[in-house]
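Have a look at the structure below before the remarks.
The values are calculated or read from the model by the stated rules, or taken from the named source; none is laboratory data. Keep in mind the model is a prediction, meaning the values are calculated, not measured. Here the Cβ positions follow ideal geometry from the backbone for every residue, glycine too, while neighbour counts run over all protein chains shown. For the accessible areas, the whole protein counts, side chains as well, though only heavy atoms, and no ligand, DNA or RNA atoms are used. Shrake-Rupley method; radii C 1.70, N 1.55, O 1.52, S 1.80 Å.
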Amino acid sequence: MNQPVTSETYSAQLRRLAELTARVREQRAEAHTWYERQCAAADQAVADATEQVRAAEQELVAAREQQEHVDAEVAHLWQQVRARLGDRRLGGPPAPTNGTGAVDPVLLLTRARDLLDRAGQPGELPGSVNPLLALCGVAGAVLAYALGTGARALGVGYGGDLAVGMPVLALVVTLLGPLIGLVPARVLADRRHAVLGPRPITVVLGAGVVVTALLLILGR
């Protein structure tokens, strides 16, 4: 036979129900908060991933543009190398190699361009060609002296005003002998893709002056 429910038992049941209801409400609030945090974290992760994809696409476009620029510059520099070497058998430019590290290709191209520019600039004649330069000066002096001797002989042969003017002209031509030696010296420098600097000019003129002086002394 069921016992009647007293007021104390009913009140205890109500309190217990209220406690359970409050606990369920707290747990539901915690679950809702956790769900909102998870959704916010997921949205942030999606936004971050989208931004990373956008940045990667921009880097890819920039990398492709740089690659096209580098390929064009490499082809241009390779054409210059083939033109400098004069060898048509070199073919196309070398293929890129792996393992170059983080070296900037633009920096490498700049160095290669500077190296080609320096290689294309003519240098000064080496000291080993000084005997040839001196020979140029000697040849110029001898040639000028021979022309002067011919001019004097021509003046003596025709007589008159030529006999007076030709010796003066012959002396001027003879004195210009060292300068005449610069002509073959310049040809020598051009063949060696070099400049005729102060030192080679001094060698040519020095040898020409010495030989001219000796010829004038011996010709008296």
TODO: Could you tell me whether any residue of region 90-106 is in a helix (DSSP H, G or I) and either at pLDDT 90 or above or more than 30 Å from R192 (Cβ to Cβ) (or both)?
DONE: yes
Task: Unique match (being open to solvent by 100 Å² or more (accessible area, probe 1.4 Å), at pLDDT below 80 and in a helix (DSSP H, G or I)) among R84, R16, R54, R28 - done: R84
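This table checks each residue for (1) at pLDDT 85 or above; (2) open to solvent by 40 Å² or more (accessible area, probe 1.4 Å); (3) assigned to a helix (DSSP H, G or I); (4) not hydroxyl-bearing (S, T, Y).
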| position | (1), (2), (3), (4) |
| --- | --- |
| L171 | no, yes, yes, yes |
| V187 | yes, yes, yes, yes |
| D190 | no, yes, yes, yes |
| P200 | yes, no, yes, yes |
| L214 | yes, yes, yes, yes |
